[in-house]
């Protein structure tokens, strides 16, 4: 990195929403980068590519443009106070991205108002039930499961049943007033093996000329989550994974369907938290807090048991996992040493990172000899194991 970058950057400068600094104005320009790695694997087959995994990606979480499909994904957003409705910008990228010299940043159009889409009067009442278990354990713990039966649940029962912690969305949101990539002009995929390491700069009308920063290896795309499962769904299942050096912590959840009116869900939390709000980017300070609360698994853990029998008899079950990555926060000029000194940064950059994966429960790894058709899933669709009928069960639970 050039001496100019070294002298002009602060290192790991946090920008919390509530601060004791005498900051009179927000940065003139703010740039966000959401950096995601996503993986889906079926035992005995190569990791899926984006085409094969996209069918489940949207439900199991992912980036704004990637929808959770396997691969490396980048979402960026720019806002400048000098062009509050958005500006045509350019994000100059390092050669290691293998995507050319720059990416265009295009303003998000103002959202159009739509008519009321509320539930129609007289619509059929939802039917079915959700059954929830939690904790890494060989056996079901006392007090479990929690069951939500829609046929008899009170109006507020759903909110209570699903109550849990959540990861704040502070990243590259595609909202009016911001300029984003990917966009209608450029939707190219981030190639596998691409690296963010190197010098970046952002330019455009209303953007300070010095918005330049460097990304080091520790804030690059994380490695893939690689899980394996052993055991029988009618007995205890063990999920294990390869350690990821950059991971701040891990969280797992699983689900399977019985018919089209019952869903079984499980989370790795020691507390009764289904984790719906945790399968996303999370700041390291919050990860550390949730590890202390025994909701998130510490980065030293590499396996978790799913209690015996909870997925016995389901049509199919999947487990998903997230490895929370570090965050990079930069700003110019640097934060004053005296917290009482007014601080009016020209620009700020926020980079957040995650890696997520998904696999089938109850299918042990096969040797190469027993998997002669080991090839990509597109050419082996007939060998694809039965996936849980998530769409069918959701339709049954929430009505047509």
message: Yes or no: the range 370-389 includes at least one residue that is under 27 Å from residue 250 (Cβ atoms), buried (at least 16 other Cβ atoms within 10 Å of the Cβ), in contact with a strand residue (DSSP E or B) (Cβ under 7 Å, 6 or more places away or on another chain) and modelled with pLDDT of 85 or more.
response: no
query: Take the residues of the range 283-309 that are part of a helix (DSSP H, G or I) and in contact (Cβ under 8 Å) with a residue 40 or more places away in the chain: which is surrounded by the most Cβ atoms within 10 Å (Cβ to Cβ)?
result: 290
Residue match in the range 265-272 (condition: surrounded by fewer than 19 Cβ atoms within 10 Å (Cβ to Cβ), under 18 Å from the mean Cα position of the chain (by Cα) and more than 12 Å from residue 320 (Cα to Cα)): no
Of the criteria (1) in a loop (DSSP other than H, G, I, E, B); (2) in contact (Cβ under 8 Å) with a residue 24 or more places away in the chain, which one residue 337 fails: (2)
- prompt: Which numbered condition trips up residue 173, out of (1) modelled with pLDDT under 95; (2) over 17 Å from residue 351 (Cα atoms); (3) under 25 Å from the mean Cα position of the chain (by Cα)?
  reply: (2)
query: Among 147, 202, which is part of a strand (DSSP E or B) and either farther than 26 Å from residue 321 by Cβ or in contact (Cβ under 8 Å) with a residue 40 or more places away in the chain (or both)?
result: 202
field: Number of the exception - residue 254 against (1) closer than 30 Å to residue 164 by Cβ; (2) touching a strand residue (DSSP E or B) at 6+ places or on another chain (Cβ under 8 Å); (3) in a loop (DSSP other than H, G, I, E, B)
entry: (3)
- line: Selection from the range 214-249 of residues buried (at least 21 other Cβ atoms within 10 Å of the Cβ), more than 16 Å from the chain's Cα centre (by Cα) and assigned to a loop (DSSP other than H, G, I, E, B) yields 233
statement: Checked 196, 211 against criteria (farther than 21 Å from residue 280 by Cβ, in contact with a strand residue (DSSP E or B) (Cβ under 7 Å, 6 or more places away or on another chain), buried (at least 22 other Cβ atoms within 10 Å of the Cβ) and in contact (Cβ under 8 Å) with a residue 40 or more places away in the chain); the one match is 211
message: Given the criterion modelled with pLDDT under 50, surrounded by fewer than 20 Cβ atoms within 10 Å (Cβ to Cβ) and farther than 24 Å from residue 282 by Cα, identify the matching residue among 55, 45.
response: 55
- prompt: Of the residues 62, 86, 66, 100, which single one is part of a loop (DSSP other than H, G, I, E, B), out of contact with any helix residue (DSSP H, G or I) (no Cβ under 6 Å at 6 or more places or on another chain), modelled with pLDDT of 55 or more and buried (at least 23 other Cβ atoms within 10 Å of the Cβ)?
  reply: 86
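The values are calculated or read from the model by the stated rules, or taken from the named source; none is laboratory data. Source: prediction; values computed, not measured. FYI the Cβ positions are ideal-geometry reconstructions off the backbone, even for glycines, and counts take in every protein chain you see.
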